[in-house]
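One structure is given below, encoded as structure tokens.
The values are calculated or read from the model by the stated rules, or taken from the named source; none is laboratory data. Since the model is a prediction, treat every value here as computed from it, not as a measurement. When we count neighbours, we look across all protein chains shown, and the Cβ atoms used for this are built from the backbone with ideal geometry, even at glycine. Ligands, DNA and RNA are excluded from the accessible area calculation, which covers all protein heavy atoms including side chains. Shrake-Rupley method; radii C 1.70, N 1.55, O 1.52, S 1.80 Å.
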Amino acid sequence: MTVEVLPGDTYNTELVANVHPPDWRPPNPAPRYNLVVIGAGTAGLVTAAGAAGLGARVALVERYLMGGDCLNVGCVPSKAVIRSSRVVGDLRAAAALGVGVPGEVEPDFGAVMERMRGIRARLSRHDSAERFHNLGVDVFLGEGRFAGPDTVEVNGTRLRFRKAVVATGARAHNPEVPGLAEAGFLTNETVFGLTERPRRLAVVGAGPIGCELAQAFRRLGSEVTLFHTGGHILNREDADAASILQRAFVDEGIHLVLDARLTRVERSADAKVLECETSRGPVRVAVDEILVGAGRVPNVEGLGLDAVGVLYHPRDGVRVNDRLQTTNPRIYAAGDICLSEKFTHAADFSARVVIQNALFMGRKRLSALTIPWCTYTDPEIAHVGLHERDAAERGVAIDTYRRPMSEVDRAVADGEEDGFVKVHVRKGGDRIVGATIVARHAGEMISELTLAMTAGVGLGRLASVIHPYPTQAEAIRQVGDMYNRTRLTPRVKRLFGAWLRWTR
Ligand SMILES: Cc1cc2nc3c(=O)[nH]c(=O)nc-3n(C[C@H](O)[C@H](O)[C@H](O)COP(=O)(O)OP(=O)(O)OC[C@H]3O[C@@H](n4cnc5c(N)ncnc54)[C@H](O)[C@@H]3O)c2cc1C
């Protein structure tokens, strides 16, 4: 199958040459593989490279583009576009910092997308068929499916395995709204192929993907309407975190339609018209393009999973136990196909669990992983561990310490005061069970708290970690100070007072 990525410029030609080379000659299959991996996104690539590096015989099967969503239609292109949109945001806010920018800031959408394609092509070398071949992995380009209890078939070639891994990822969920398919819409699979800015853009779904792209397109000059079923955007996050971003969206001119249920889409001569019911009555919005980011569905179809006894759910994906073993003990799964945390770093670390468990009878557990995440809006929202509501549901009593960024010197100097650091500890102690950060660079800051949780470092200890002054990460140390101050009970204070009086 020849694969085409639009627009067919030199960057996309280079991308395809790396991650789905048209002239790829499949290797002669080994008599039997230690591991056959279906899907060469992050989960499949990490599994294949890690296993081959340990000396396993590995086959990797990819039907479309190696690198999967992250490289081709996810993290990499979105973050490259977001970078350009941040520059626009900064230039528009420059006057407040005393820097006049003459005239209107006019982003060149075509140039932004070209830059993105260049970056994607450059990074595609890491995920290339050639590189994986050189790592000792047998790469097969084509649709893989189970053809027997120990066999995967690709393009008529049969690959026999001792163990197999399903790493086929997920795709955009297409909501069933009358008229939507007829009107036509974009998803993450097609939006990065745009070369011209849509003048009016509807974004359906205010989860991380919808929010990141809504803000980016708004800054790049589109009139954006963001539709969401929930009462606030990013409903996986705490309301106090999401409301900061929601205010920023409104200030930037994003038109929010919340509590919205899309009822139909009509196509007129010059627009796509979305109709929806909301708690405030019906709403009609005319746009030029619709971008759907309304959840992800797992790629479970056509794999022959039923025939090999692998149970799955069409919405939740392949069912796995804590060792990432499917209901067929010889078959494992990793990444978006089986995880509720659909992130590249989760796919990566689930793959590491699979390598150990599948090849070395390891006992690694998914539940032992501490998986943070970040939504790369401006400000960013990053989280790790429990939210307050999770703690309440699980009956975990917590104390919460919160430091607004408006009290952090560097954030004030930077003019980036919107946000906070919030840390939850087990009640009465300092064991960190969760944290949320809303800040310009929350994604960089959350790792300190993830490290503390992973290494069992308490919040009180974080107060003794010297942070360079002034940095926004000092907010974390200051939250540690807040905890330590709670330990200064009236009795301890009285004792200190007595000692100081005595030694005066
Ligand atoms: C717009 C967007 C932005 C994102 N941004 C971030 C971010 O900033 N940070 C982050 O951590 N995560 C982000 N994600 C999520 C991240 O992309 C995914 O979590 C990650 O790609 C999952 O990796 P995976 O290997 O499980 O699946 P995938 O990357 O989906 O890879 C699965 C692969 O399997 C192949 N495949 C499927 N079926 C078959 C078959 N039958 N035979 C052969 N091959 C098959 C597919 O073609 C695909 O290449 C983003 C996602 C999107 C959509």
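Could you calculate the FRET efficiency of Asp322 with Leu97 from 1/(1 + (r/R0)^6), where r is the beta carbon distance between them and R0 is 35 Å, rounded to 0.05?
After rounding, the FRET efficiency stands at 0.10.
Of Asp322, Asp251, which has the most accessible area with a 1.4 Å probe, and how do the rest follow in descending order?
My answer, sorted largest first, is Asp251, Asp322.
Placing unit charges on C-beta atoms (Lys and Arg positive, Asp and Glu negative, everything else neutral), compute the dipole magnitude of segment 12-128 about its Cα centre in debye, rounded to 20.
With only Lys, Arg, Asp and Glu charged at Cβ, the dipole is about 440 debye.
Less than 13 Å Cβ to Cβ from Val425, Lys/Arg counted +1 and Asp/Glu -1: what total charge do the surrounding residues give?
Spelling it out: positives minus negatives among the neighbours equals +4.
Helix-derived [θ] at 222 nm for the chain: sum -39500 (n - 2.57) over DSSP H runs of at least 4, divide by residue count, nearest 500?
On the way: 17 runs with 174 residues, N = 504.
Mean residue ellipticity at 222 nm (helix-derived): -10000 deg cm²/dmol.
Please work out the FRET efficiency for the pair Ser243 and Ala455, using the Cβ-Cβ distance as r and a Förster radius of 35 Å; give the result to the nearest 0.05.
Working: r = 32 Å, r/R0 = 0.92.
With a Förster radius of 35 Å, E is 0.60.
Ordering Glu416, Glu444 by accessible area with a probe of 1.4 Å, largest first, what comes out?
Glu444, Glu416
Give me, ordered by chain and number, the residues 5 or more places off Gly179 or on other chains with an amide H under 5 Å from its own placed amide H.
Val265
How much of Met482 can a 1.4 Å solvent probe reach, expressed as accessible area in Å² and rounded to 10?
The accessible area of Met482 comes to roughly 50 Å².
Could you provide, to the nearest whole Å², the per residue accessible area of segment 4-80 with probe 1.4 Å?
39 Å²
Which value, in Å² and to the nearest 10, is the accessible area of Leu256 when all protein chains are kept and the probe is 1.4 Å?
Rounded to the nearest 10, the figure is 40 Å².
Using the basic label-point model (7 angstrom from Cα toward the beta carbon), what is the Asp108 to Leu54 distance in nanometres?
Taking the simple label geometry, Asp108 and Leu54 are separated by 4.9 nm.
Which value results when the Cα radius of gyration for the chain is divided by 2.2 N^0.38 Å?
Against the empirical 2.2 N^0.38 Å value, I get 1.07 for the chain.
At a probe size of 1.4 Å, how large is the accessible area of Cys70, to the nearest 10 Å²?
Rounded to the nearest 10, that gives 30 Å².
Which distance in nm do the two modelled labels at Arg162 and Arg363 give, with both placed 7 Å along the Cα-to-Cβ direction?
That separation, rounded to one decimal, is 2.1 nm.
Of Gly89, Ala129, Pro107, which is farthest on the positive side of the dipole of segment 87-148, counting Cα position, with +1 on Lys and Arg Cβ, -1 on Asp and Glu Cβ, and the Cα centre as origin?
Going by the Cα projections, it comes out as Ala129.
Could you do me a favour and compute the accessible area per residue for segment 245-368, 1.4 Å probe, result in Å²?
Per-residue value: 50 Å².
Report the Rg/Rh value for segment 258-309, based on alpha-carbon coordinates and the Kirkwood definition of Rh.
1.25
Starting from the Cα-Cα distance between Ile466 and Ser447, subtract it from 0.36 nm times their residue separation and give me the gain in nm to one decimal.
Gain in length upon complete extension: 5.2 nm.
For Leu500 and Glu189 in the same chain, what is the full-extension length gain: residue separation times 0.36 nm, less their Cα-Cα distance, in nm?
Once the chain is fully extended between Leu500 and Glu189, it gains 105.2 nm.
Excluding Ser464 itself, calculate the net charge of residues whose Cβ lies under 11 Å from the Cβ of Ser464, where each Lys or Arg counts +1 and each Asp or Glu counts -1. Don't skip to the answer; put the middle values down first.
Numbers: positive: Arg461, Arg477; negative: Asp481.
Spelling it out: positives minus negatives among the neighbours equals +1.
Considering only the chain, what is the antiparallel percent among its DSSP beta bridges, to the nearest 5? Intermediate results must be reported in sequence, preceding the final value.
On the way: 49 of 79 bridges.
Bridges in the chain that DSSP calls antiparallel: roughly 60 percent.
Quote to one decimal, in nm, the extra length available between Ala413 and His133 on full extension: 0.36 nm per residue of separation minus the C-alpha distance between them.
Extending this stretch completely gives an extra 95.8 nm.
Counting only Cα, what are the radius of gyration and maximum Cα-Cα distance Dmax of segment 261-405, in Å?
Calculated on Cα positions, Rg and Dmax stand at 21.0, 62 Å.
Between Asn28 and Asn484, what is the label-point separation in nm under the 7 Å Cα-to-beta-carbon projection?
6.8 nm
Order the following by accessible area, largest value first: His126, His173. Probe radius 1.4 Å; ligands, DNA and RNA are ignored.
His126, His173
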